[in-house]
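Report on the following structure.
What follows is calculated from the coordinates using simple rules that are stated; it is not laboratory data. Everything numeric in this text was worked out from a predicted model, so none of it was measured. With ideal geometry, Cβ positions are generated from the backbone for all residues, glycine too; neighbour counts draw on all protein chains shown.
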Amino acid sequence: MRVNAAVLLVLCLLTISHAWDCQEVVDINNLMQIDAGLGQVVATDTSLLKQLDAGGDQFVVGANMDDTPFCLTSSATVGYKGPDSPLPWTGLPGAVKYYSCGPFGCWAVNKNDDIYLMSYVNKDTCQNKGWSHIEGKLSMIEVATDGSVFGVNSVGSVYTRDGITASKPEGTGWSNIPMCMLMGHVTYDLGRLWVVSKSAVTMVCTP
């Protein structure tokens, strides 16, 4: 499998021209999830861990094994000192398999790949204004610290949300980012797009 992935990578880099310049990240294999923020990149190589995201304003969100979204307030997040620190998770409405927050709101996808936006979450209480449905289908979605939104659909195509601002957190539409391989996961930070292919190749891309 690794040999086939390497061959695909070489072929696609040689034959396909696209808007982003992607280079393989060596010595990192078989990642399931990758997350970038404030210059740091973290990842997990196991599907046994459920998804978490720390892209909000000092609060943590995620989804448990039952697709229940939850939130950890900023005081609990900043005050965490170790295993003995309390973790008062607050359950949120809906059922989502992937949940990610940024400065203009939180985005999520459910088991049917439907996309939702929660445009306001109070970092101190986890109070919110509920979900709004956004057109399109994605299997995972990530929000960067600058508010940029990226996602991957079920067939492995990568998309970004256009027109996101503080006054229009839902943006205006989706644009495809051509990739030379089918992708399974994506995250973005500081001008770098990190992607994990369905064949377990990790790459970092720049415009």
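Would you please name the residue that is nearest to VAL121 (Cα to Cα), looking only at residues in the stretch 57-81 that are part of a loop (DSSP other than H, G, I, E, B) and hydroxyl-bearing (Ser, Thr, Tyr)?
THR73
Considering only residues that are in contact with a Ser or Thr (Cβ under 6 Å, 6 or more places away or on another chain) and assigned to a strand (DSSP E or B), look in the stretch 92-124 and name the one that is nearest to THR187 (Cα to Cα).
Among them, the one singled out is TRP107.
Residue under question is SER148, and the condition is that it be within 14 Å of HIS185 (Cα to Cα) and in contact with a strand residue (DSSP E or B) (Cβ under 9 Å, 6 or more places away or on another chain); does it hold?
When the stated conditions are applied, SER148 does not pass them.
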